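What follows is a set of notes on a single structure, which appears directly below.
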Amino acid sequence: FDRLSGQHLPPATRTQVLELLEGHPLALTWAAGLLSRADEDPAYLVKTWSDQRLPSLTDPDVRRREHTLAWLFERSVRKLDPHTVTVLDAAGLLANAPLPLSAAEIALSVQTTEGANGLSDTPRSSLKQLVHAGLLRLLPGAELWQFTHALAYRFARPEHSYDEALLSRLASWAH
């Protein structure tokens, strides 16, 4: 957790964070990614989490445990820039399989207008932000990104509303 977060938290705060995470590997990864960005005060995160009275991450009822993970996921993505959210939406709409850079480029093709092929480095920087958040990982030896966990993929899938233009661009790309 310390290595992933890059934080040297005050001992009392660190203990509280680790108690809330209950050793859950996915929660540890997401919380560390959240704290590594340094835009979340660890003490405030602990207070907010405690005030929410979220179910335990070791609750035998998986649905209750997933409620807490969904809260942590939402907290991890709430300050992502719009380009990065679009790339995450595209990844969530595609199969839980490695995502090539070209899918991120297509997802953002309407939003980016600089550089070669009308694209800026926004797709790459968006993917990098998603790696830092602990949602995606770069596969070694290839320009492919994959969700770090099946739950990350599931939480990233928009449940009710889909951006029709994004769906159209992804369908054309996939075809």
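The values are calculated or read from the model by the stated rules, or taken from the named source; none is laboratory data. If you're wondering where the values come from, they're calculated on a predicted model, not measured in any experiment. Glycine also receives a Cβ, built like all others from the backbone with ideal geometry; neighbour counts cover every protein chain displayed. Surface areas here come from the heavy atoms of the whole protein model, side chains and all, with no ligands, DNA or RNA. Shrake-Rupley method; radii C 1.70, N 1.55, O 1.52, S 1.80 Å.
Just a few scattered comments:
- Rolling a 1.4 Å probe over the heavy atoms of the protein chains gives the chain an accessible area of 54 Å² per residue.
- The 3J(HN,Hα) values that the Karplus relation (6.51, -1.76, 1.60; θ = phi - 60°) gives for region 27-43 are, in residue order, 5, 4, 5, 5, 5, 5, x, 5, 6, 5, 6, 6, 10, 10, 6, x, 5 Hz. Gly and Pro appear as x.
- Put simply, the amide H of Thr148, placed in the peptide plane, has neighbours under 5 Å in Leu136, Arg137, leaving out anything fewer than 5 places away on its chain.
- Extending 7 Å from Cα along the Cβ direction at Val62 and again at His132 yields two label points whose distance is 3.4 nm.
- Sparse-neighbourhood loop sites, chymotrypsin sites (Phe, Trp or Tyr not before Pro) in region 1-110 - DSSP loop, at most 15 other Cβ within 10 angstrom: none
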